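A short worksheet on the structure shown next.
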Amino acid sequence: GACRAADELVAVKEQRLLPFVAGQMELIAPNVTALLGSEVTAQVLAATGGLAGLAKVPSCNVQVVGKGSKELHGFARVAAMRHFGVIHGCPLVQECLPEHRVKAMRTVAGRVALASRVDLTRSDAAGNQGRVWAEEIRGKLEQWHAPPPGKTVKPLPLPVTDAKTK
């Protein structure tokens, strides 16, 4: 009885609630959704108390939004990932190589802070600015993933042939 009811609740959540929340995120915060995706945007807005709360958070603190110290529940704090909040789950950060994820999170957090302020003022209700910033971040990721340029070999300078008198 109880297991079947729990399974039904999970099915309702996956079939109805999550698509509904995803659709509402496009209306509430289109620019933040363009950067983070609808699920991560919903988590960030829930953790900050809405769009007005997110707009007040400085960009250096946006990357740790949603991370609580109580989430470890008895596990060691040594192995816990520090400075990783909800934004760590966004597609822009996840498609990045692990060695560049901290830098990618910092970049995304800065743009999310700006996008939340754009969404709060409703100056771009279509979410175009968020898409522009997402493409800019993808370009940076491609640059970070590219191999470093090869060293160019400089030719030696021509030797001086005039004999010097002593």
Total residues in the range 136-166, condition under 53 Å from the mean Cα position of the chain (by Cα) and open to solvent by 100 Å² or more (accessible area, probe 1.4 Å): 13
Might you let me know whether the range 3-15 holds any residue that is surrounded by fewer than 14 Cβ atoms within 10 Å (Cβ to Cβ), among the basic types (Lys, Arg) and at pLDDT 80 or above? yes
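Rundown of residues vs (1) closer than 18 Å to ARG131 by Cβ; (2) not aliphatic (A, V, I, L, M); (3) not in a helix (DSSP H, G or I), yes/no style:
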| site | (1), (2), (3) |
| --- | --- |
| CYS3 | no, yes, no |
| LEU9 | no, no, no |
| PRO19 | no, yes, no |
| LEU27 | yes, no, no |
List pairs: first in the range 37-56 and within 19 Å of PRO91 (Cβ to Cβ), second among the small types (Gly, Ala, Ser) and outside any helix (DSSP H, G or I), Cβ under 6 Å, 6+ apart or cross-chain? THR41/ALA29; GLN43/GLY66; ALA47/GLY66
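Among what's in the range 36-77 and is in a loop (DSSP other than H, G, I, E, B), hydrophobic (A, V, I, L, M, F, W, C) and closer than 25 Å to GLU136 by Cβ, pick the residue that is modelled with the highest pLDDT.
Of all residues in the range 36-77, those in a loop (DSSP other than H, G, I, E, B) come to 37, 49-50, 57-58, 63-68, 73-77.
Cutting the leftovers down to hydrophobic (A, V, I, L, M, F, W, C) gives us 57, 64-65, 75-76.
From what is left, the residues that are closer than 25 Å to GLU136 by Cβ are 57, 64-65.
Details: VAL57: 90, VAL64: 86, VAL65: 83.
If we take residues in the range 36-77 being in a loop (DSSP other than H, G, I, E, B), hydrophobic (A, V, I, L, M, F, W, C) and closer than 25 Å to GLU136 by Cβ, then VAL57 is modelled with the highest pLDDT.
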Are there any helices (runs of 4 or more DSSP H) wholly within the range 85-166 with 2 or more residues that are charged (D, E, K, R) and closer than 25 Å to GLU39 by Cβ, and if so which? 101-121, 128-145
Residue ID - surrounded by the fewest Cβ atoms within 10 Å (Cβ to Cβ), chosen from residues in the range 23-37 that are out of contact with any Asp or Glu (no Cβ under 7 Å at 6 or more places or on another chain) and among the small types (Gly, Ala, Ser): GLY23
Go through (1) more than 15 Å from LEU51 (Cα to Cα); (2) hydroxyl-bearing (Ser, Thr, Tyr); (3) in contact (Cβ under 8 Å) with a residue 24 or more places away in the chain for THR152 and report which single condition fails. (3)
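The values are calculated or read from the model by the stated rules, or taken from the named source; none is laboratory data. Just so you know, these numbers come straight off a predicted model, no measurement behind them. Using ideal geometry, Cβ is built from the backbone for each residue, glycine included, and neighbour counts are taken over all protein chains shown. Side chains are part of the model used for accessible areas, which takes the heavy atoms of the whole protein and leaves out ligands, DNA and RNA. Shrake-Rupley method; radii C 1.70, N 1.55, O 1.52, S 1.80 Å.
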